[in-house]
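Trainee: Quick one: the structure is below, and I'll ask about it shortly.
Please treat every number below as a calculation from the coordinates, not as lab data. All values reported here derive from a predicted model rather than from experimental measurement. Using ideal geometry, Cβ is built from the backbone for each residue, glycine included, and neighbour counts are taken over all protein chains shown.
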Amino acid sequence: MQGFMIAGTASRSGKTTITLALMARMVAQGFDVHPFKAGPDFIDPEWHTLITGRPSYALDTMMVGREESLNRFHTQLQHASTADHPIGIVEGVMGLFDGRAGVGKSGSTADLARALNLPVILVVHARGMAGSLVPLVDGFCQHATGFRIAGIIANQVGSPRHAEQLRTLLSEHDLPPLIGWMARSPESTLNERHLGLVLPDDHTPLNSNSIQDALTLDTKALLNVIGPWQPPSRIDETPASVAPPVRLPKGRSIAVAKDAAFRFIYPANLAWLKAQGITIRTFSPVAGEAVPAGVDGIWLPGGYPELHAEALSCSATWQTLHAYLDENDPDTGGYILAECGGMMALGDALTDHQGRRWPMAGVLPIETRMTPKLAGLGYRHDASGVRGHEFHHSVRDTSPLPAAFEPDRGDGGILHGNIRASYIHWYFPSSPVVLSWLMPT
């Protein structure tokens, strides 16, 4: 059982492309690859799943928590199939030492590496670089307290000769070895848009052979430098950072919007709901599907409603959503949790990046508008104990409605009857209070 972290010196260093190339290489070689993503991300994990065929779980020391991250990583590998070699690959977030504050503190890839006792493979954007690689890597190694940088992968390398020059420089200065490099190749570059990379189904189908070919790496050398994985300490079966099971009456169910517009869903959220004995029923507003009958609550997660605004503007789903609210006593039913894009779709209208105004569900008396720049970003912590994250390129008009949440910072959202809506994506396992937002207990 082995595992390692892929980290970058900064955002856009190429760590996602290299992560996918490594995953594809190891899957092709018969390894039982288990993908993970550091930090609250939805897009990179979809690429991981495309390559490995497995859900990619979010791990971090702020939202998920140290103990839960360790337990999740250990459990996934421990319950691996009977394949000869299970291996966990964690893609980092931003630069190695970038977190909520400080250098390598909470929320950073470095802090997660410490919590999981994982070696780090550092991705360096090496275009136009030779001798400068040495002080750069040396500085990163000096700050790597509580974990080790086991090897270097150079990205945007000009030629095999350039790669060999980098390899020699690292060796001469007793620094972690160059275990691989990726050439400059437009075929191995993933496109970006607001909120990050394009999604797999919005991109020319990824040629796993092409992306593997762009990466020069000896798998045996990688396995040698990372070594076997050992948990850093005793793993609690029910760590404090995870909400304990809640006893609910049998037969409870939740309808979850899930399609191209509503897809920002942590796999751990679905797993946690199922662990409470809740049946999950999905529906597609983009396809105009009816809200499943007889459900106790509805969850509209985030995603890209602005990219599917035309379909959503005439979706037959909204008529059934209004019927769901009309059929339920506002004091005991009609529970809806809407996150970011889900909130946007419930409003009166959404104005897209081109300035076109599209009517939406008309359930919430609000309008939202896309913005050219980032409008909100950061970890959030509600007064009830639920943790989450906010990341969006839109704004909501002011509303006289009461706030739905009491976060330490960021969007408090709106409360409208039994509808709670905000820009925050919540991590359900962080508190059982989530269930009171989704159904009467």
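Trainee: Through the Karplus equation 6.51 cos²θ - 1.76 cosθ + 1.60, θ set to phi - 60°, convert the phi angles of the stretch 326-332 into ³J(HN,Hα) values in whole Hz; use x for Gly and Pro.
Mentor: 5, 7, 9, 5, x, 7, 10
Trainee: Right, something else. What does the highest-first list of 336-346, 104-114 look like by mean Cβ count within 10 Å?
Mentor: Descending mean neighbour count gives 336-346, 104-114.
Trainee: Another question about this same structure. Which order do peptides 385-391, 90-96 fall in by mean Cβ count within 10 Å, highest first? Spell out each step's value before the answer.
Mentor: Values: 385-391: 21.7, 90-96: 25.4.
So the order, starting with the most tightly packed, is 90-96, 385-391.
Trainee: No solvent, one uniform scatterer per C-alpha: report log10 I(q)/I(0) for the chain via the Debye equation at q = 0.06, 0.11 1/Å, two decimals.
Mentor: -0.27, -0.87
Trainee: Going through the cross-link list Lys15/Lys220; Lys105/Lys274; Lys250/Lys274; Lys15/Lys105, which pairs have a Cα-Cα distance over 23 Å in this structure?
Mentor: Where the Cα-Cα span goes over 23 Å, the pairs concerned are Lys105/Lys274.
Trainee: Go through 397-404, 312-319, 145-152 and give me the packing order, highest mean Cβ count within 10 Å leading.
Mentor: 145-152, 312-319, 397-404
Trainee: Additional query: Could you state the number of Å between the C-alpha centres of the stretch 101-153 and the stretch 298-375?
Mentor: So the two Cα centres are separated by 42 Å.
Trainee: Next up: Distance between the C-alpha centers of the stretch 49-74 and the stretch 392-438? Whole Å please.
Mentor: Spelled out, the Cα-based centre of one part sits 24 Å from the other.
Trainee: Report relative contact order for the chain in percent, whole number only (criteria: Cα-Cα under 8 Å, sequence separation at least 6).
Mentor: Contact order relative to length: 13 percent.
Trainee: Residue by residue, what Karplus-based ³J(HN,Hα) values in Hz, rounded to whole numbers, does the stretch 256-273 have, using 6.51, -1.76 and 1.60 with θ = phi - 60° and x for Gly and Pro?
Mentor: Computed from phi, the couplings for the stretch 256-273 are 10, 5, 8, 6, 5, 8, 10, 9, 7, 10, 6, x, 5, 5, 5, 4, 5, 4 Hz.
Trainee: Here's another thing I want to ask about it. Looking at the calculated P(r) for the stretch 1-154, what percent of the C-alpha pair distances fall above 22 Å?
Mentor: Distances greater than 22 Å cover 36 percent of the Cα pairs.
Trainee: Rounded if a/c is under 1.5, else prolate if a/b beats b/c, else oblate: with a ≥ b ≥ c from the C-alpha gyration tensor eigenvalues square-rooted, which is the stretch 253-438?
Mentor: Details: a/c = 1.43, a/b = 1.09, b/c = 1.32.
Note, shape of the stretch 253-438 comes out rounded.
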